[in-house]
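Comments concern the structure below.
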Amino acid sequence: MLPNTTVKIGSLKLKNPVMVASGTFGYASEFSGLCNLTKLGAIVTKTITSKPRQGNPCPRTCETASGLINSIGLENPGIDVFLADKLPQVSSIGVPVIVSIASEGDPEEFTALARRLDALSEVSAIELNISCPNVRKDGKRGRLISQDAEATFRTVKAVRAATTKPLITKLSPNVTDIVEIACAAEKAGSDGLALINTLLGMSVDVLTRKPRIAMVSGGLSGPAIRPVAVRMVWDVYQNVSIPIIGMGGIMDTASALEFFIAGASAVSVGTANFIDPGVSVDIAEGIKKYLRQQKIADINELRGSLRV
Ligand SMILES: Cc1cc2nc3c(=O)[nH]c(=O)nc-3n(C[C@H](O)[C@H](O)[C@H](O)COP(=O)(O)O)c2cc1C
């Protein structure tokens, strides 16, 4: 018998638990022809803001040992262009579309964006990006919403009141205690948690003594952060009852499975898409194979099955 790979995040049902992470898959049409997009569990779009953003100056990415530092700075065309040009294309693929939203500092922006998306049947869920480390105000990196439990609670609660769509809150690893933030998001009505966003990092060119990205520091992703991400999923899993979408350095089936065993209900693949655009589809297939080999009838049985 074929194993069940259907998972639920609130009322959102996914036929398989492998999605692509925000900001690493564009609006999906960029990847058509490179992989079978219909085989994805869901597509999470690049984060959208109310107004278009040009993003940060270049260079904005650099490769490090087993990782990538980026400081894209939420470049996006803004909600109007997204709704007119991008959403029709991505929703025509036929897999659930999770729209990631962020605010440039104004809390009202989150609720306004959520309200607009709430009315659209093409939008399967909303991901609240309160954890982007690459947006600066007056040249300074302020405190992120996801670095403050009270601000997380307030923001999630306000967005919760603005939409009935499944709501996923994306958390930052750049905190002392991610469990506290996760609990605040759950208490405020989030249907799921996505973790982790990138880990703050920096790299220096020793010949020029310049930082290797223009904004000096940025967000580290890729295999280098996976042990941090798996540990955070495990810690959060033991303290919340809403589903977790695990991510951070997933490169193949085995690394995706680590997250399920640590407590994730679903996973997102990010940086690996830049190396192999078909990797997420391969991982979805690989998970089915693993379940068959291990005689596990349902992916949901694997969740949190860590043998300690
Ligand atoms: C180039 C790049 C751009 C990203 N842009 C976003 C974004 O717009 N919104 C967001 O929530 N996360 C963004 N992320 C973070 C990823 O979605 C993901 O949380 C993180 O990279 C960890 O997963 P990974 O190691 O598999 O890449 C971005 C990551 C990269 C590498």
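The values are calculated or read from the model by the stated rules, or taken from the named source; none is laboratory data. Worth saying up front: this structure is predicted, and the values here are computed from it rather than measured. Positions of Cβ are generated from backbone atoms using ideal geometry, with glycine treated the same way; all protein chains shown enter the neighbour counts. When the accessible area is computed, the model is the full protein with side chains, heavy atoms only, and any ligands, DNA or RNA have been set aside. Shrake-Rupley method; radii C 1.70, N 1.55, O 1.52, S 1.80 Å.
Antiparallel versus total DSSP beta bridges in the chain: what percent is that, nearest 5?
Restricted to the chain, the bridges split so that about 40 percent are antiparallel.
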Q: Go through S100, S29 and list them by solvent-accessible area, largest first, probe radius 1.4 Å.
A: S29, S100
Q. Just how large is the dipole of the chain about the Cα centre, in debye to the nearest 20, putting +1 at every Lys and Arg Cβ and -1 at every Asp and Glu Cβ?
A. 160 debye
Q. Full extension from R231 to V206: what is 0.36 nm times the residue separation minus their Cα-Cα distance, to one decimal in nm?
A. 5.8 nm
Q. Given 0.36 nm per residue, what is the gain on full extension from V308 to S241 after removing their alpha carbon distance, in nm?
A. 22.1 nm
Q. Can you tell which of K140, K46, K13 shows the greatest fluctuation in a Gaussian network model of the chain with Cα springs below 10 Å?
A. K140
Q: For L220, L34, write out the residues from largest to smallest accessible area, computed with a 1.4 angstrom probe and no ligands counted.
A: L34, L220
Q. Stretch E285-V216 to full length: gain in nm at 0.36 nm per residue minus the Cα-Cα span?
A. 20.9 nm
Q: Could you state the accessible area per residue of segment 62-166 in Å², with a 1.4 Å probe and every protein chain left in place?
A: 44 Å²
Q) Percent relative contact order of the chain, based on C-alpha pairs within less than 8 angstrom and at least six residues apart? A) 21 percent
**Q.** Relative contact order [Cα under 8 Å, 6+ residues apart], segment 1-45, whole percent
**A.** 39 percent
Q.
Pick from R231, R209, R60 the residue whose mean-square fluctuation is largest in a GNM of the chain, springs joining Cα atoms under 10 Å.
A. R209
Q. How far is it, in nm, from the label point at T176 to the one at K39 when both lie 7 Å from their Cα along the line to the Cβ?
A. 4.6 nm
(Q) Tell me the relative contact order for segment 47-158 as a rounded percent, counting alpha carbon contacts under 8 Å between residues six or more apart. (A) 24 percent
Q) Ordering M1, M19, M215 by how much accessible area each has at a 1.4 Å probe, largest first, what is the list? A) M1, M215, M19
Q) Residue farthest toward the positive end of the dipole of the chain, with Cβ of Lys/Arg at +1 and Asp/Glu at -1: which of F82, F110, I213? A) I213
